[in-house]
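Structure first, commentary second.
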Amino acid sequence: MLGLGNSLVSPFFTGESFVNAYRVVLDGSNDNMSAEDHDLFTPNSSGADRGFSISYWVRYDTSSVPAGRGAQTIWRSNNFYSGANHYEYTIGGGFDRKPILKFYGGDDVNVYQQFKLDLVPDADTWYHFLWCWDLSDGDNTGWKCFINGAKQTHGSGATYSESGTWAAVANTNDLTYFGNNNAANLSRALTMDEIAFYDDFVSDVDAAVLYNDGAPADATQVDNLIINYRFEEGSGTAVADSTGNAGDITLLNGTAWEAV
């Protein structure tokens, strides 16, 4: 995969590449992927207070016009059960197409912290995102996101904001979804690859390892990996969590495979 040039990546910190043969295509109609585990995907699931980070590669495909607007990438929120909707976090694109990571406090839609990037993504262009949060309450210094290895912080490539009185993210029974949420105004065509979750605030050096100068690297090189989808199955509707932590996901509604 190709990435944009940046000043962070050094040849001394590139990661170990490996065979990357397949990725998955979500057509922007009703395709998505879901995982049923209710614990692994919640921030600070270990209770170790190290942080929470999510790494993935994504391409906003041509049929996603304008690219990124309303594009739900990873979300664990707004699922209805037991008589109410429940909220943990979501990564998606705003009306202005800029990617946003929002965490909800105490399972309350009105209580949140969010980190919004200045990036307006181009269509048919691969991006590597690494979102990192140190679990802090109302502190804009506890957030960073790396876009193709380049670090974005509050006031420098991104904007932090908050609402309500913060409480820790609740471990709900929400499913975790990847791709659109079956709502016509939020369905965008995406291609995704190499998704990894970390029970940690990934360091700047390890961010460079994961970006690997534009060639997806082995996610196991970074400590406290809890979920990893390589999408190397190439067919079928099941995707294994290669960590062995039983976070396997299911491809829904005709999600397709694409050779790299």
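Considering only P121, N20, G214, and ranking their Cα positions along the charge dipole of the chain that arises from unit charges at the beta-carbon of Lys, Arg, Asp and Glu, the one farthest toward the positive end is P121. Here the extension length gained between V205 and D96 equals 36.2 nm, from 0.36 nm per residue of separation less the Cα-Cα distance.
Converting phi to 3J(HN,Hα) with the Karplus coefficients 6.51, -1.76 and 1.60 and the offset θ = phi - 60°, the stretch 85-101 yields 7, 10, 9, 10, 6, 8, 10, x, x, x, 4, 7, 6, 6, x, 9, 10 Hz in sequence order, with x at every glycine or proline. Using only side-chain charges placed at the Cβ, +1 for Lys and Arg and -1 for Asp and Glu, the dipole size of the chain relative to its Cα centre rounds to 760 debye. Tell me the label only: which of (1) 24, 22, 19; (2) 29, 21, 18; (3) 31, 25, 16 is semi-axes √(5λ) of the Cα gyration tensor in Å as calculated from this structure? Structure-derived value, by its label: (1).
By the helix-only formula, in which each DSSP H run with n ≥ 4 contributes -39500 (n - 2.57) and the sum is divided by residues, the chain has a 222 nm mean residue ellipticity of -1000 deg cm²/dmol.
Close amide H pairs (under 5 Å, H built 1.01 Å from N) link L135 with F52, residues at least 5 positions away or on another chain. Ranking H154, H128 by solvent-accessible area of protein heavy atoms (1.4 Å probe, all protein chains present), from largest to smallest, gives H154, H128.
Summary value for the chain: 34 percent relative contact order, contacts being C-alpha pairs under 8 angstrom separated by 6+ residues.
So what's the gap between the Cα centers of the stretch 56-102 and the stretch 219-257, to the nearest angstrom? First find each Cα centre; the distance between them is then 19 Å. Taking the Cα-to-Cβ direction at L135 and at N110 and moving 7 Å from each Cα, how far apart do the two end points lie in nm? If labels sit at L135 and N110, their model points lie 2.8 nm apart.
Each of A48, W75, S156 was scored by the projection of its Cα onto the charge dipole of the chain, and the greatest displacement toward the positive side belongs to S156; charges sit on the C-beta of Lys, Arg, Asp and Glu.
The values are calculated or read from the model by the stated rules, or taken from the named source; none is laboratory data. Keep in mind that this is a model prediction, so the values were computed, not measured. With ideal geometry, Cβ positions are generated from the backbone for all residues, glycine too; neighbour counts draw on all protein chains shown. Side chains are part of the model used for accessible areas, which takes the heavy atoms of the whole protein and leaves out ligands, DNA and RNA. Shrake-Rupley method; radii C 1.70, N 1.55, O 1.52, S 1.80 Å.
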